[in-house]
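Everything below concerns the one structure shown next.
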Amino acid sequence: MTGLPIRTIIEILHVAAGLVATVVIAWIAAWSYTPGTRDIWIVAGFAMAAVVAMGINPLRRAWAADLESARTSA
């Protein structure tokens, strides 16, 4: 289990959890207010893009930390 890039995997899971949460909230909102369904999903799309954008830098840092950890252990 030493070669597993655990920090990177954790960051990817954080982004995935944010995307799942966004979809769930948007689905509930669209279900409860049907006249605004189109607008709700448009806003949800932008929110998902923001979640991905905010996850890029932590993912890069995790990737670098995993590479450094792999270099020092080899």
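The values are calculated or read from the model by the stated rules, or taken from the named source; none is laboratory data. From a predicted model like this one, the values you see are computed outputs, not experimental measurements. With ideal geometry, Cβ positions are generated from the backbone for all residues, glycine too; neighbour counts draw on all protein chains shown.
Within region 37-73, track down each residue that is of a type in the set (Lys, Arg) and surrounded by 12 or more Cβ atoms within 10 Å (Cβ to Cβ). Quick ask: steps written out before the conclusion?
Initially, region 37-73 is screened for residues of a type in the set (Lys, Arg), giving 38, 60-61, 71.
Passing the criteria: Arg60, Arg61.
Just checking, does region 13-22 include any residue being of a type in the set (Ser, Thr, Tyr) and modelled with pLDDT of 95 or more?
Yes, there is a match, as at least one residue in region 13-22 is of a type in the set (Ser, Thr, Tyr) and modelled with pLDDT of 95 or more.
Out of everything in region 1-36 that is surrounded by 15 or more Cβ atoms within 10 Å (Cβ to Cβ) and of a type in the set (Ser, Thr, Tyr), what residue ends up being farthest from the chain's Cα centre (by Cα)?
Thr8
Please work out which one of (1) assigned to a helix (DSSP H, G or I); (2) closer than 30 Å to Arg71 by Cα is the condition Leu4 fails and give its number.
Failing condition for Leu4: (1).
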